[in-house]
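One structure is given here, and the rest of the page talks about it.
The values are calculated or read from the model by the stated rules, or taken from the named source; none is laboratory data. Computed from a prediction, not measured in an experiment: that's the story for all the values here. Here the Cβ is made from the backbone with ideal geometry for all residues, glycine too, and neighbour counts use every protein chain on show. Heads up: the accessible areas ignore ligands, DNA and RNA and are worked out on the full protein's heavy atoms, side chains in. Shrake-Rupley method; radii C 1.70, N 1.55, O 1.52, S 1.80 Å.
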Amino acid sequence: MDNKHRPTRRELIGVAATVAMSLAVSRRAIAQAGARVIVIGGGFGGASCARALKQLNPLLQVTLVEQNPTFTACPFSNDVIAGDRSIKQQQFGYEKVASGGVTVVAQAATKVDTSARTVTVADGSVLAYDRLVLAPGIDLRFNALPGYDEAASEKMPHAWKAGEQTLLLRRQLEAMEDGGVVAIAVPANPYRCPPGPYERASLIAHYLKTKKPRSKLIILDAKDAFSKQHLFESAWKELYPGLIERVSLSQGGKVASVDSSTNTLVTDFGKHTVQVANVIPPQRAGRIAEIAGATDKSGWCSIDPVTFESKQVSNVHIIGDACIAGGMPKSAFSANAQAKACAAAVVTLLAGGTPTPPKLINTCYSLVAPDYGISVAGVYQPKNGLLADTEGAGGVSPLDAPHEFREREAAYARSWFDTITAEVFG
Amino acid sequence: MKALRFAFLIAPTIACLGTAAAASLPPPGAASCSGCHGVHEPASSAIPRIYGRDANEIVSVMTAFRDGSRPSTVMSRIAKGFSDDELRPIAAWLASQK
Ligand SMILES: Cc1cc2nc3c(=O)[nH]c(=O)nc-3n(C[C@H](O)[C@H](O)[C@H](O)COP(=O)(O)OP(=O)(O)OC[C@H]3O[C@@H](n4cnc5c(N)ncnc54)[C@H](O)[C@@H]3O)c2cc1C
């Protein structure tokens, strides 16, 4: 024999072990690459996240669980209420999401077992996940406002989830006689779309001014200050003088109870019996978040601002309206931006890496009239365990802008809707 | 022991392979842009195209929004949230997306 080294038995075992281990490692790596991610909720957050996950790593098995076959978008639903837009323009299907490789399960998720890592859907099927993303949006807290339950909402619509409720409010406005009073009850923070009630008041005022000019609109508000307040108020003075009256919290605007049999809203200071009552009740994260154990005492989900992972349960991430995102408002833009950051974090975590702290943007447009838009913007980043405003950035449209500026913001608002819905569903 | 060390060497390589299949992750801030600027924005849109544009051009436009030398409705408010060091990788990433 030459003195070439012959492997000893011990060394052979060593090599075998190495191969076995590397096989095990590679199997794990493959499992990670083909890891199962379930997203519950196919709205602005969930559908965006499912698509982004698949785009970032096509090997992932991504399942989107969504209870409705068609999504009806809230942004621009105030236009539908004011009669300027059809509900069809708000509706989107999931065909494109599915053709991009996401498995779409058209059922409600009914149970989440975070220790077995499974999701049960309405027909009893059980789906397993490595990571779960919850994007169920909001639930209305029926009975948080005495007198206001689901049955009452059939008479005093909230229209805070778009669809039949949106159309009901529109029909009530159409049926109202000129000279009637419309009331909007606004809850305290936090709730979906902070400027939404004031955009609604503006567009209803636009409808009344054009079609029923002797009518009035009253906003009964559980807050003193609100989003884009100065811009809204100065526009109301200019466009709808005398038509809109707002009663703030300190003026006694907080609605304490309602009586749907008489269309009455009761505050500490009096009763308002009106022709049309739009009651926006307090809200909380979609129920499935609570079932998963991801909500805290507030009814919302606290998250890690880098990964959007739940602070209550592991391997579960929450995006969109259901989460507490620090300074970020509950908006479709926020939900979409969070979805993409969360997808990047999930892909990185599944590959064994460390997610990079994200930077996020939010822009919310409101229409005060069809050709009059205003906006608020913000830039956010993780700070002290929350998503905090980036100092010096963001803010609202200038107060003294010329009309051409307002027109441009209205045009941008429409383009924004087309672009974002194309990214989410198209 | 040797085997273990070997396995540890392999592990990160494979973990990288796992991500190799993934598209490059956008730098912080870049993913939010598509909320307004469509990836397939038609030239006729009210909102300008930014994907596939020259990186230097994107940086200089953003800088001009930030210091107010270029008029805007909303972009000046957003650009103020990004430093030059943050803008450069965002612009490079946007430029690489065709
Ligand atoms: C009047 C109004 C105007 C608005 N205007 C704007 C605007 O101009 N700009 C803006 O950015 N935002 C706007 N918003 C806010 C925006 O609608 C929300 O912030 C956004 O929809 C939140 O996205 P999300 O994914 O968290 O929830 P959603 O979009 O509500 O999606 C949640 C989805 O989860 C599904 N789901 C829930 N539970 C389950 C379950 N158990 N199983 C299966 N599926 C489930 C629901 O069916 C739904 O499709 C407006 C809101 C309102 C009410």
Item to complete: Over the protein assembly as shown, with every protein chain in place, what whole percent of the accessible area is carbon and sulfur at 1.4 Å, could you tell me?
Response: 55 percent
Item to complete: Kindly provide the helix-only [θ] at 222 nm of chain A, computed as the sum of -39,500 (n - 2.57) over DSSP H runs of four or more divided by all residues, to the nearest 500 deg cm²/dmol?
Response: -10000 deg cm²/dmol
Practice prompt. Among A:LEU167, A:VAL133, A:ALA410, pick out the residue whose Cα is farthest towards the positive end of the charge dipole of chain A, where Lys and Arg carry +1 and Asp and Glu carry -1 on C-beta, about the Cα centre.
Written response: A:VAL133
Discussion item. Under 5 Å between amide hydrogens, which residues at least 5 positions from A:GLN283 or on another chain qualify, with H placed 1.01 Å from N in the peptide plane?
Written reply: A:ARG141
Worksheet entry | Shielding by partners - mean other protein chain Cβ count within 10 Å, residues of B:66-77 | 4
Fill in: Partner chain coverage, peptide A:373-379 - average Cβ within 10 angstrom
4
Item to complete: Kindly tabulate the residues in the stretch A:309-358 with an accessible-area decrease of at least 30 Å² between the chain alone and the assembly of all protein chains, using a probe of 1.4 Å.
Response: A:PHE333, A:LYS340, A:ALA351
Response to the item:
Of the convex hull enclosing the alpha-carbon atoms of the stretch A:217-340, the direction-averaged projected area in nm² is 10.2 nm²
Worksheet item: Listed highest first by mean packing, meaning other Cβ atoms within 10 Å per residue, what order do B:31-41, A:121-131 come in?
Response: B:31-41, A:121-131
Response to the item:
Over all Cα pairs of the stretch A:103-235, the Kirkwood radius sets Rh, and Rg/Rh then becomes 1.09
Worksheet item: So what is log10(I(q)/I(0)) for the protein assembly as shown at q = 0.07, 0.09, 0.12 1/Å, when the Debye sum runs over its Cα atoms only?
Response: -0.43, -0.67, -1.13
Item to complete: Just need the relative contact order of the stretch A:67-120 here, percent rounded to a whole number, with Cα pairs under 8 Å and 6+ apart.
Response: 34 percent
Worksheet entry | Size of the stretch A:40-172 as Cα extents on the principal axes (Å, biggest first) | 49, 33, 22
Discussion item. Quick check for me: using +1 on Lys/Arg Cβ and -1 on Asp/Glu Cβ, what's the dipole size of the stretch A:211-358 about its Cα centre, in debye to the nearest 20?
Written reply: 500 debye
Worksheet, complete the sentence: In whole angstrom, largest first, the equivalent ellipsoid semi-axes that the Cα gyration tensor gives for the stretch A:297-426 are 31, 16, 13
Fill in: Accessible area per residue, Å², the protein assembly as shown with all protein chains present, probe 1.4 Å
44 Å²
Practice prompt. List the lysines whose Cα lies under 19 Å from the Cα of A:LYS212, skipping any in the same chain that are fewer than 8 positions away.
Written response: A:LYS237
Worksheet item: For the protein assembly as shown, with the dipole built from +1 on Lys and Arg beta-carbon atoms and -1 on Asp and Glu ones, taken about the Cα centre, which of A:GLY83, A:PRO190, A:GLY34 lies farthest toward the positive end?
Response: A:GLY34
Worksheet entry | Qualifying aspartates and glutamates (Cα of each under 16 Å from Cα of A:LYS383; at least 8 residues distant if same chain) | A:ASP304, A:GLU309, A:GLU391
Practice prompt. May I ask which residue of A:PHE333, A:ALA235, A:VAL306 lies farthest towards the positive end of the charge dipole of the stretch A:207-346, with charges of +1 (Lys, Arg) and -1 (Asp, Glu) on Cβ and the Cα centre as origin?
Written response: A:ALA235
Worksheet entry | log10 of Debye I(q)/I(0), alpha-carbon scatterers only, for the stretch A:172-213 at 0.19, 0.34 Å⁻¹ | -0.62, -1.26
Discussion item. Rounded to the nearest 20 debye, what is the charge dipole size of the stretch A:358-416 about its Cα centre when +1 sits on each Lys and Arg Cβ and -1 on each Asp and Glu Cβ?
Written reply: 260 debye
Practice prompt. Give the relative contact order (percent, whole number) for chain A; include only Cα pairs under 8 Å separated by 6+ residues.
Written response: 17 percent
Discussion item. Take the residue pairs A:LYS211/A:LYS254; A:LYS228/A:LYS359; A:LYS330/A:LYS359; A:LYS88/A:LYS228; A:LYS223/A:LYS297 and return only those whose Cα atoms are more than 25 Å apart.
Written reply: A:LYS211/A:LYS254; A:LYS88/A:LYS228
Worksheet item: In nm, what is the difference between 0.36 nm times the number of residues separating A:LYS96 and A:GLU154 and their Cα-Cα distance?
Response: 17.5 nm
Worksheet entry | Label point distance in nm, B:SER45-A:ALA225, each placed 7 Å from Cα along Cα→Cβ | 3.5 nm
Worksheet item: Chain pair B, A: how much accessible area is buried, both chains summed, with a 1.4 Å probe, in Å² to 100?
Response: 3300 Å²
Worksheet item: Can you give the translational diffusion coefficient of the stretch A:98-168 in µm²/s, computed by Stokes-Einstein from the Kirkwood radius over Cα pairs at 4 °C and 1.567 mPa s?
Response: 85 µm²/s
Worksheet entry | Percentage relative contact order, the stretch A:215-291, counting C-alpha pairs under 8 Å, at least six apart | 25 percent
Item to complete: Mind listing the long-range amide H neighbours of A:THR110? Cut-off is under 5 Å, sequence gap 5 or more, other chains count too, H placed in the peptide plane at 1.01 Å from N.
Response: A:THR120, A:VAL121, A:ALA122
Discussion item. Compute, for chain A, the length of the dipole vector about the Cα centre, with Cβ point charges of +1 (Lys, Arg) and -1 (Asp, Glu) only. Units Debye, rounded to 20.
Written reply: 1140 debye
